[in-house]
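A.B. asks: Got a structure for you, written out below as structure tokens; questions coming shortly.
Taken together, the values in this text are just the output of simple stated rules run on the coordinates, not laboratory data. The structure displayed is predicted, hence computed values, not measured ones. Backbone-built Cβ (ideal geometry, glycine too); neighbour counts: all protein chains shown.
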Amino acid sequence: MRLSHNDHSECVQSAQPWRRILRTVLVGTSASVLLCGLAACGDNTPSPSLTQSSAQAQGSYTEKLSGEFAAAGASSQKSAVDALIVGYSALQPNIAMSYDPSGSGAGVNTFLTGAVAWAGSDASLSDEQIQSSQAVCLGSTAFEIPVYVSPIAVAYNLSDYGLNDSSVHMSPSTIAKIFTGKITSWDDPQLKKENPDIADKLPSLEITPVWRSDKSGTTKTFQTYLHHTAPNDWTSEPSETWPNSLGQGAKGTPAVTMTIGQAQGTLGYADFAQVSGLGTVAVGVGSDYVAPSPEATAKLIDESAASSDSLGADGRFVIDVNYATQESGVYPIALVSYDIACPVYKDARTATYTKQWLTYALSDAGQKISQDNAGSAPIPQSLREKMLPVIDSITAASSGTAAKN
Amino acid sequence: MRTPDFDKFKPTRSSLAARKRTDMLMRVLIYAAFLVAVIPLVSVLYTTIVHGITRFDWYFLTHNMRGVVGGLYPYGGILHAAVGTLEITLGAMVISVPLGIMTAVYLVEYSAKKRLHKTISFFIDVMSGIPSIVAGLFAYSMFSLIFGPGTVNGFVGSAALSILMIPTIVRSTEEMLSIVPVDLREAAYALGVPKSRTIVRIVLRTALPGIVSGVILAIARVIGETAPLLIAAGSISSTNFNLFSGRMTTLPVYVYNEFQQGMASCPAGSALGTDAWGVCVPGIRMERAWAAALVLILLVLVLNGIGRLVAKVFAVKTK
Amino acid sequence: MKKLTADKLFRWTATAAGILILGVLAAVFVFLLIQASPVFFGDRAAAEKTISSFTGGRTTSFLAFVGPLIFGTVLASGLALALAFFVAVGIALFISHYAPKRLSSLLSYVVDLLAAIPSVVYGLWGALVLVPNMYPVWQVVNAVFGWIPLFAGPVSNPPRTVATVAVVLAVMILPIITSMARDIFVQTPLLQQEAALALGATKWEMIKLAVLPFGANGLVSASMLGLGRALGETMAVLMILSPGSTYGIHLLTASQNQTIAANIAAQFPEADSLGVSTLIASGLVLFVITFIVNYIARRITKGGGKLTFRKKEKK
């Protein structure tokens, strides 16, 4: 009896310091929360290289906006959009803009429900999607504006053999054969024949193809290229998923380049902006071999836009990329990513925002920002000049119907 | 009658030697086993500290990722993730601590040998085996059905984590309650103290240090959970204080996000070097991932240390 | 009178908490079922289209989609268990019988440290440190054991393979098995141990005769719990493995297998509503598998007596 009484008092005592500790923790936490203000807590001052270049374009963004704006779509655009958001926010400091990289398909579906102002998509819309866009665009059909063009490089790692700087030459058919397992070694006669200068340096090393294991527009673009340029060696229908399991799959472009970087003899396709430090293949175009660069890709877009039929009809600037180009100095593999937007929005705020955003993305400042920070190829001036009036025609519902009548 | 030849049973020298050899071999293997376990531990801690220390500074701890672009200075930090981790874990505690402790009280004090006891006990075992990602899917499904599809916020993450915390808390509390001597309870009853009062004032008080330690260890376990929060709480680059609205980044999710974004692209001709405007670090994301991993490990170790300390220092002598 | 109602209220609250937990578990199951149901009972064509897009057109049936994932999950975690088991038993014996008494609590703490490190950190370490360094190891394994189909080539480089994943998973489940095994070994009746030694047994023989048989049930149960943990592990697999969807058993070759958990985490961010349903359905399958494994573990523990309680009473 006495024993348990002692125990009791002991534990009552031991409970006291706890209360004190708890109080200290609670007071400390609430104090730090108060110190730190609210939404802007911990925000960084963005790099002036992003904000200064936009400041010159101040004039076009006189109508001030505030509040939250959401967009969603292709993850390929993410790094460009992130940089553009910082630049655009310098012009519109009172808005909070977000881009959810949920993927092209999901982004377009969200757009069609009206939950986001615009969507990024690696693929142009199907006729069916265009039809269903009437619901959210109040009777008119969606615009498709190419805003982001990314060269897709075929990257490899032969750093131990000193070949990462010497752009190995490969024809489309050779690339297709490597990715289907018909060429398996770096010293294959076909590769030696195409690379007379470095033929002796090509090692007797197994080629490990690396591909995207997730669904991606990059995969589809790369397959479409092979499908057009090496139809005999690449027989599968282009799709967003990789058709075989030779070599290694990796989720997302960064994982692809990481995998390539981790071993010798690897070869894979990846957005050009991500391949620093790796070797890039100069691909066969006509009788020439062209290494990837934003400039060589811009030429491709220029050429493809010129030959695309019905470009710009109903605001649909769908670029039919001419993968099989024979022009010299043109890099033939490029992903074109579109922004899907409505010509007419319900409220004036969203209309103004979308109009400003697209104008900004296509402006000189915007193009430079995405080229600097996402390694994209610039959209040709002539094409941009064609698209800007269309973007300018985006309106809100009331005035929109008036214009139609 | 001859005496039995006991020499026949004597171990031969070679068999003795063989036994000695086996003994030695096993000793070596067992020592080796320990070394094998130490290698990854040392390697993980070493790499995390060496890579993490580069970005581990005051700026990193007090800034979020808003306004950070590619590899350009400023390099951002983990403030938003720390806030997210703190709030989501607190949310999970608020759900699971009362529920877990009360369930343990029920199991130990009220339901001995009832069928419900067996059922609850069994299903707590089942619950402790739920894969964390399934807990995330559950929270996501529940909130989607109740609050509309695609509801993702901090509290959904709290709900997911509490599924993982409850069984740990129930089990540790149960253990602590069951080592409180029966004498204590009986003494209280003898004095006419009602049962509820006995439990709250005497049993729970006595077991308090053990329970607190169990709760802290449970927190340390869930604070590193990534997969369920990836699904339930999403991620965001700015600081979000509202647990009930909008996405919320947590430290583990931050580590994964930085890792999976890979190398940053730098504008052509940008300077490489130390922190200054215009400087660009291509590998910044990996540095941030390691630094956040370092913070996470420190956090977990500190929590573990506190948990053990509480159990040791405040432990009630039950003899 | 008033005290009595407070008493009742408290009792009810406690009972309600217990029942609420049952409710929560039921809710887990019911909500997952509701969300997964569109795959089975909804629009057939749409469901097939979703599964086809997940598998790159390889199949349109849910079973053919989830089958290789189940196989990959079991393969990776089974291998992890095989790697971890002997090491864990060794460490447990080291702590309980070989290490000096003063060291043993420190050593237990070191092992617990392994358990404390978050899985995402293991993933980071595995992907950036372990993967580039494992290639020579797997080459040796392939050269020596290449005649066993499991270790047949080709050896992928970088080795983002099931074998490498299993190593990381093994490190992660090591502390679980170790701490349970240690708790059991410590409880081996001292009399039995001393009797064995008195008969002239060497230390290892004593362990073989007294300690291991005593702990056998507990060891099986501990490994089952470890297996359960490995089955549900997501991040390490997601960050390391090059996924594939085959029934291949070539551990050293990449792009053969994928686990359910990692597949959910990989596909979830870009899945539409039907895609989410499909992933949730596969999550249910994972739930059932881990349930079975854990159930077996508990059954074995129960059969071997209440091990966890015995230890506490001894103190």
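A.B. asks: How many nm is it between the label spots at residue A:235 and residue A:386, if each spot is 7 Å from the Cα in line with the beta carbon?
C.D. replies: Those two pseudo-labels are separated by 3.8 nm.
A.B. asks: Among B:216, A:73, A:371, pick out the residue whose Cα is farthest towards the positive end of the charge dipole of the protein assembly as shown, where Lys and Arg carry +1 and Asp and Glu carry -1 on C-beta, about the Cα centre.
C.D. replies: Going by the Cα projections, it comes out as B:216.
A.B. asks: Which residue, B:203, B:182, B:295, tops the fluctuation ranking in a GNM of chain B built on C-alpha contacts under 10 Å?
C.D. replies: B:182
A.B. asks: Same structure again: With unit charges on the beta carbon (Lys/Arg positive, Asp/Glu negative), name the residue among A:268, A:281, A:162 whose Cα is farthest towards the positive pole of the charge dipole of the range A:151-297.
C.D. replies: The listed residue farthest towards the positive side: A:268.
A.B. asks: Restricting to bridges with both residues inside chain A, how much of the DSSP beta-bridge set is antiparallel, in percent to the nearest 5?
C.D. replies: The antiparallel proportion sits near 55 percent.
A.B. asks: Within the set of other residues whose C-beta is less than 10 Å from the C-beta of residue B:54, count the net charge using Lys and Arg as +1 and Asp and Glu as -1.
C.D. replies: Charge balance in the 10 Å sphere: 0.
A.B. asks: Hey, another quick one. Can you sort C:44, B:185 so the residue with the fewest Cβ neighbours within 10 Å comes first?
C.D. replies: In order of increasing Cβ crowding within 10 Å: C:44, B:185.
A.B. asks: Which of C:266, C:145, C:42 sits closest to the plus end of the dipole of the range C:42-314, meaning its Cα is farthest towards the positive end, when Lys and Arg get +1 and Asp and Glu get -1 on the C-beta?
C.D. replies: C:145
A.B. asks: Taking amide hydrogens as modeled 1.01 Å from N in the peptide plane, which residues meet the under 5 Å criterion relative to residue A:96, leaving out close sequence neighbours?
C.D. replies: Close amide H contacts, sequence-distant or interchain: A:67, A:68, A:69.
A.B. asks: Can you pull the three principal axis extents for the Cα set of chain A, in Å, largest first?
C.D. replies: Each principal axis gives a Cα extent; for chain A these are 95, 73, 40 Å.
A.B. asks: Using amide H atoms built 1.01 Å from N in the peptide plane, name the residues 5+ places from residue B:279, or on other chains, whose amide H lies under 5 Å from its own.
C.D. replies: It is B:73, by chain and number.
A.B. asks: Label-point separation (nm) for residue B:308 and residue B:145, each offset 7 Å from Cα along Cα-to-Cβ?
C.D. replies: Spacing of the two 7 Å Cα→Cβ label points: 4.2 nm.
A.B. asks: How large is log10 of I(q)/I(0) for the range B:225-310 at q = 0.15, 0.17, 0.18, 0.26 Å⁻¹ when the intensity is taken from the Debye formula with one equal scatterer per alpha-carbon?
C.D. replies: Values returned for q = 0.15, 0.17, 0.18, 0.26 Å⁻¹ are -0.73, -0.86, -0.92, -1.19.
A.B. asks: How big is Rg to Rh over the range A:151-297, alpha-carbon atoms, Rh as the Kirkwood inverse-mean-distance radius?
C.D. replies: In the range A:151-297, Rg relative to Rh is 0.92.
A.B. asks: Given a Förster radius of 60 Å and the C-beta distance between residue A:96 and residue C:194 as r, what FRET efficiency does 1/(1 + (r/R0)^6) yield to the nearest 0.05?
C.D. replies: 0.25
A.B. asks: What list of ³J(HN,Hα) couplings, whole Hz, do you get for the range C:213-218 from phi and the Karplus terms 6.51, -1.76, 1.60, once you set θ to phi - 60° and write x for glycine and proline?
C.D. replies: x, 5, x, 3, 4, x
A.B. asks: Oh, and also: Given R₀ = 51 Å, FRET efficiency for residue B:28-residue B:277 by Cβ-Cβ distance, to 0.05?
C.D. replies: Computed FRET efficiency for residue B:28 and residue B:277: 0.30.
A.B. asks: Size of the dipole of the range C:42-314 about the Cα centre, Lys and Arg at +1 and Asp and Glu at -1 on the beta carbon, nothing else charged, in debye to 20?
C.D. replies: 840 debye
A.B. asks: Oh, and also: Can you give the mean number of other chain Cβ atoms that lie within 10 Å of the Cβ atoms in peptide A:313-326?
C.D. replies: Mean number of neighbouring Cβ atoms from other chains: 0.
A.B. asks: Straight-line reach only, C-alpha to C-alpha below 17 angstrom: list the aspartates and glutamates that residue A:368 could link to, leaving out same-chain residues fewer than 8 apart.
C.D. replies: Counting by Cα, and skipping residues close in sequence, residue A:368 has these aspartates and glutamates nearby: A:82, A:295, A:385.
A.B. asks: Mean residue ellipticity at 222 nm from the helices of chain C, using -39,500 (n - 2.57) per DSSP H segment of n ≥ 4 over the full residue count, to the nearest 500 deg cm²/dmol?
C.D. replies: That calculation yields -24500 deg cm²/dmol at 222 nm.
A.B. asks: If you don't mind, there's one more thing I want to ask. Out of all DSSP beta bridges in the protein assembly as shown, what portion is antiparallel? Express it as a percent rounded to 5.
C.D. replies: So the antiparallel bridges amount to about 55 percent of the total.
A.B. asks: Okay, next question. Local charge sum around residue A:341 (other residues, Cβ-Cβ under 10 Å, Lys/Arg +1, Asp/Glu -1)?
C.D. replies: After counting each charged neighbour, the total is -1.
A.B. asks: Another question about this same structure. How many times 2.2 N^0.38 Å is the alpha carbon radius of gyration of chain C?
C.D. replies: 1.20
A.B. asks: Run the dipole for the protein assembly as shown about the Cα centre, Lys and Arg Cβ at +1, Asp and Glu Cβ at -1, nothing else charged, and hand back the magnitude in debye, nearest 20.
C.D. replies: About 6620 debye.
A.B. asks: Near residue B:195, which aspartates and glutamates are there with a Cα under 19 Å away, not counting those fewer than 8 places off in the same chain?
C.D. replies: Correct list for residue B:195: A:7, B:109, B:174, B:183, B:186, C:7.
A.B. asks: Mean-square fluctuation check for chain B, GNM, Cα pairs under 10 Å: which of B:95, B:39, B:306 is largest?
C.D. replies: Evaluated over chain B, the most mobile residue of the options is B:39.
A.B. asks: Rounded to the nearest 500, what is the 222 nm mean residue ellipticity of chain B from helices alone, with -39500 (n - 2.57) per DSSP H run of 4+ residues and division by all residues?
C.D. replies: Helices in chain B give a 222 nm mean residue ellipticity of -21500 deg cm²/dmol.
A.B. asks: Convert each backbone phi in the range B:42-52 into a coupling constant with the Karplus relation 6.51 cos²θ - 1.76 cosθ + 1.60 (shift: θ = phi - 60°), then list the ³J(HN,Hα) values in order as whole Hz, x for Gly and Pro.
C.D. replies: 4, 4, 4, 5, 4, 4, 5, 5, 4, 6, x
A.B. asks: Work out the mean other chain Cβ neighbour count within 10 Å for the residues of C:229-239 and drop it here as an integer.
C.D. replies: Averaged over the peptide's residues, the number is 5.
A.B. asks: Right, next: Suppose only helical runs count, i.e. DSSP H with n ≥ 4. What mean residue ellipticity at 222 nm does that imply for chain A under -39500 (n - 2.57) per run, divided by all residues and rounded to the nearest 500 deg cm²/dmol?
C.D. replies: It lands at -13500 deg cm²/dmol.
A.B. asks: Just add up the charged neighbours of residue A:256: K/R +1, D/E -1, any other residue whose Cβ is under 11 Å from the Cβ of residue A:256.
C.D. replies: 0
A.B. asks: Hey, got the dipole for the range C:106-251? About the Cα centre, +1 on K and R Cβ, -1 on D and E Cβ, debye to the nearest 20?
C.D. replies: Charge dipole, the range C:106-251, about its Cα centre: 180 debye, nearest 20.
A.B. asks: Determine the principal axes of the Cα atoms in the protein assembly as shown, then give the extent along each, sorted from largest to smallest and rounded to whole angstroms.
C.D. replies: In descending order, the Cα extents are 111, 85, 58 Å.
A.B. asks: Between residue B:301 and residue B:38, what FRET efficiency comes out of the Förster formula 1/(1 + (r/R0)^6) with R0 = 22 Å and r the beta carbon distance, rounded to 0.05?
C.D. replies: Using R0 = 22 Å, I get an efficiency of 0.85.
A.B. asks: Still on this structure: May I ask you to give the average projected area over all directions of the convex hull of the Cα atoms of the range B:179-242, in nm² rounded to one decimal?
C.D. replies: So the Cα hull casts an average projection of 7.0 nm².
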